[in-house]
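Since every read-out is calculated from the coordinates, none of them should be taken as a lab result. For clarity, every value in this text was computed on a predicted model and none was experimentally measured. Every residue, glycine among them, receives a Cβ derived from its backbone with ideal geometry; neighbour counts consider all protein chains shown.
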Amino acid sequence: MTKWAVVVSEERFSQERLYASRFVPGAELPAGDEALLVAALEEPVVFGVARADGAGRLQYTVNLIDAPLPFTGKAGPLEPGAHRIDDAAFGAVSGTGEAPAKKTWLVSVDLPIEASSPAEAVREFWAYVRDLGPAELPAFVWPVGDELAMQAFVLGAEANQDPEEE
């Protein structure tokens, strides 16, 4: 099996941070090959380890999106695409990333909507979600059983929603 660094643009990395996905569109790698998922930032970071499925997709085996690691496998600016790397460069990163323990979270988006029927209210809700999206619409998240720990997130980052605290 060949080891790869699959470099994605800063824009694609931002999309990965916003929308959880099991698969990352990637270069056409042979099924079973493994890849470090690298964001082409000013200082490149590894945001996951993945395995190619042979259909042009990479399936996460380790997701490091919330705690990316520095990528030191190649000097200079990185171009998006698949780049071969040696086993040592791959192992230096893939062996350090462990997926954090999962727990159950509640996520909520609350919008006051005026409508003449429940069905219309639901349609308006989804229209707001689609139009505003994660750049403007805060989502509230808290661990199950600890509602007092609720936090607002915008664009995948914690965002203070209390105008009196700014």
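Let me check against my output: what whole-number percent is the relative contact order of the chain, with C-alpha pairs under 8 Å and at least 6 apart?
Values: 280 pairs, mean separation 30.8, N = 166.
Result for the chain is 19 percent.
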**OP:** Using DSSP, restrict attention to beta bridges with both residues in the chain and report what percent are antiparallel, rounded to the nearest 5.
**Re:** 85 percent
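Quote the FRET efficiency, to the nearest 0.05, computed for Glu136 versus Gln59 with a Förster distance R0 of 41 Å and r equal to the Cβ-Cβ distance. Let's see the in-between values first.
Details: r = 31 Å, r/R0 = 0.76.
Using R0 = 41 Å, I get an efficiency of 0.85.
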Subject >> Spacing of the two label points (7 Å from each Cα toward its C-beta) at Glu114 and Ser14, in nm >> reply: 3.4 nm
**OP:** May I ask which residue of Val46, Ile85, Ala121 lies farthest towards the positive end of the charge dipole of the chain, with charges of +1 (Lys, Arg) and -1 (Asp, Glu) on Cβ and the Cα centre as origin?
**Re:** Ile85
Subject >> Simple Cβ-charge dipole of the chain, Lys/Arg +1 and Asp/Glu -1, about Cα centre, in debye nearest 20 >> reply: 960 debye
**OP:** Set the Förster distance to 35 Å, then compute FRET efficiency between Ala121 and Val154 from the Cβ-Cβ distance, nearest 0.05.
**Re:** 0.90
Original post:
Is any helix in the chain, taking whole DSSP H runs, at least 18 angstrom long along its axis by alpha carbon and on average at least -1.0 on the Kyte-Doolittle scale, and which ones?
Top reply: 118-136
Original post:
How long is the gain from Glu147 to Ala88 if the chain were fully straight, where each residue apart is worth 0.36 nm and the alpha carbon distance is subtracted?
Top reply: 16.8 nm
